[in-house]
Amino acid sequence: MDIGFGYLKEKVLNELEAVDFYAHQRESLHLAAYVKEVREKLRQDRFNLVVLGEFKRGKTTFLNALLGAEILPTAVVPLTSIITEIRYGEILKCKVCFLHGGTKEIELSEVAGYVTEEGNPGNEKKVKLVQLEYPSPYLKEGVVLIDTPGVGSVYQNNTHETYNYLPKVDAAIFMLSSDQPLSQAECDFLKTIKQYSTKTFFVLNKIDYLEDKDRQKALDFARKTLKEKAGFENVDVIPLSAKMALEGKLEGDEKKLSGSNIQEFTRTLEQFLLAEKGAAMLIAACSKGINTADELLMGIELEIKTLVTPLEELRSKTSLFDKMAGKLCQEKRDTKYIFQGELDKVYHVLEEEITRFQKRQSISIENEVDRLYQEKRSLSGRELLKSLESFIESKLKFAFENWEPEVNEKVNVAFEKVVARFTDKANKAIEELLRQSADIFEITVEGFTKMDVLTDDSKLYYIFGQEQSMLLPDPVKIGAILLPRFISGPRILKEMKKKVERELDRNCGRLRSDYSDRIYKSAMKFQRTFEEKLSQIIEGTRTVLTRAMDKKQRSEKEVNEVIAMLNKERDQLVNIKARLKTVMEEIKF
């Protein structure tokens, strides 16, 4: 049996659920919350698998075949005009997402009215995309299937929508057809795909149109064309019949399903998901599950040790633990001040980048405004003003949108260096706390739940245009209309250059504020996480000690029963660790 991504992912999720159970059993709520977060991150991981190709290659039928149901609308004429995302859900749901940001729940029967050229010509309904949820086992592993409009259709907006979606692609399925040769439009599109997709699967559809003797010729021709015209060397092209695959699934006909060859494609995809994407994610989840189990095991070992330690000796060890914990808490406060000082370096990087950008763009755009003014000076004052304002807004928007990823990367790198260094220090402090605790109570500690380096999303946006009150007239616009051109022209030029400075200053201020806010919040989150982690270990240890001291007051028989129960929990956690380690070995080999 092939060990696929979905199979291993389900095994890891089951083991993490077992760890979660014992965390609750031990009343270790912070560890329960931690392992729940690990589970949810693994469960909700998404992999965008987009189906691309020229119109009428059978993309939608292929997706329906993967789903095992006629979910997406198909027709004889070129049909799909809007991006459609299909992800896992317990029940079928359909949602339209509009360009203005609104959404609308619809019935499956209404989908064609939003995603097809016939139902929504030229996207007159202003649809951004349609999202479907469907309980398909194929989607349960986190795969999101995406249907796209065909490239090369007579409807140019369809091609435009497909090109715009490429940056979101994790992997692509490019549909070829045995009844049509690869077109120049497809070759050009494939060259673009290379920039975005880490992996492109090539599928030769409609093999049921060919005799057996002609299939190999069609495959060889497809490989040759992909190499010579699109630059894809040594590619695998998987032959299949989407129509036969869909019929086989709908009718429960294994012969048709086997003849369609769709199972070869699903095996290939499973291997890719595991090798290219899933391995690192699964190993990380296993490692965190093992560390959580180790921390729970330490608590069990501590409780057992406490139950068999004489009371006076136990009190002495508890006193030593309290002194050690107090010392570490003081070190924690010292670390906080050092961390704040290091953050100043990140703010400095941000300010340098903003200042450099603002100066560079001010000179560049004002020079271009001068040039455009000379070209357009024959226009009326109103038209000249409108032309320059539109130009400035366009140039500024382009400049900010192209520069923001650059400054984002530099600030993130600076911030991550600081946080990574202090995350390492924090984990060493936590490890030292656990090690000293283990030494005091003469128990072993193998691992613990480490702090992760933080990430944060941006809420950045830009605003261009006048901020004057709507109740007050704009003197520049009035002048452009009423004054003679030889007077209004230079005034307009002067004001437009001021506008460049104002808009640069305003939007650089927004960016500065946004990043400063993100840095501050991330720093506070880091400090809070570190403080909570230390407190949880200290309080968790004290809770175990208190609970064990209470149990020591019971009869010898009752104490032995408690120890037997704790040993059973320990054995279960040791077995969970072993199974997670086995999964890690299966992934690596």
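Convex hull of alpha carbon positions in the stretch 242-284: directionally averaged projected area 3.5 nm².
Seen from all sides and averaged, what is the projected area of the convex hull of the Cα atoms in the stretch 327-368, in nm²? So the Cα hull casts an average projection of 2.8 nm². Enclosing the Cα atoms of the stretch 1-149 in their convex hull gives a volume equal to 136 cubic angstrom per residue. Structure shown: which of Lys128/Lys199; Lys359/Lys498; Lys345/Lys417; Lys359/Lys397 lie over 20 Å apart, alpha-carbon to alpha-carbon? The pairs that break the limit, which is 20 Å between Cα atoms, are Lys128/Lys199. In summary, the lysines within cross-link reach of Lys11, defined as a Cα separation below 18 angstrom excluding same-chain residues under 8 places away, comprise Lys36, Lys41, Lys140, Lys277, Lys288, Lys577, Lys581, Lys588. Label separation (Glu401 vs Thr192): 1.5 nm, computed from points 7 Å beyond Cα along the C-beta direction.
The alpha carbon convex hull volume per residue for the stretch 198-243 rounds to 73 Å³.
By the count of neighbouring beta-carbon atoms within 10 Å, fewest first, Val413, Val169, Val144 end up ordered Val413, Val144, Val169.
Can you compute log10 of I(q)/I(0) for the chain with the Debye formula, treating each Cα as one identical point scatterer, at q = 0.05 Å⁻¹? Here log10 of I(q) over I(0) equals -0.36.
Across q = 0.13 Å⁻¹, the stretch 276-335 modelled as identical point scatterers on its alpha-carbon atoms has Debye log10 I(q)/I(0) values of -0.62, in the order of the q list. A simple charge model with +1 on the Cβ of Lys and Arg, -1 on the Cβ of Asp and Glu and nothing else charged puts the dipole of the chain at about 1640 debye relative to its Cα centre. First measure r as the distance between the Cβ atoms of Glu558 and Lys93, then evaluate 1/(1 + (r/R0)^6) with R0 = 51 Å and state the FRET efficiency to the nearest 0.05. That gives a FRET efficiency of 0.45.
For the stretch 301-399, the share of alpha carbon pairs falling in successive 10 Å distance bins from zero is 11, 20, 13, 11, 10, 9, 9, 8, 6, 2 percent. Annotation: lysines with alpha-carbon distance below 28 angstrom to Lys557 (same-chain offsets under eight excluded): Lys305, Lys317, Lys568.
Considering every alpha-carbon pair of the stretch 47-260, the percent of pairs per 5 Å bin, from zero through the bin containing the longest distance, is 1, 7, 15, 19, 21, 17, 11, 6, 2, 0, 0. So if we plug the beta-carbon distance of Asp424 and Asn367 into 1/(1 + (r/R0)^6) with R0 = 51 Å, what FRET efficiency do we get, rounded to 0.05? That pair, Asp424 with Asn367, gives E of 0.60. Going by neighbour counts of Cβ atoms within 10 Å, the residues Thr60, Thr582 line up, fewest first, as Thr582, Thr60.
Read-outs: derived from the displayed coordinates by stated rules, not from any lab. The structure displayed is predicted, hence computed values, not measured ones. Positions of Cβ are backbone-derived with ideal geometry, glycine not excepted, and every protein chain shown enters the neighbour counts.
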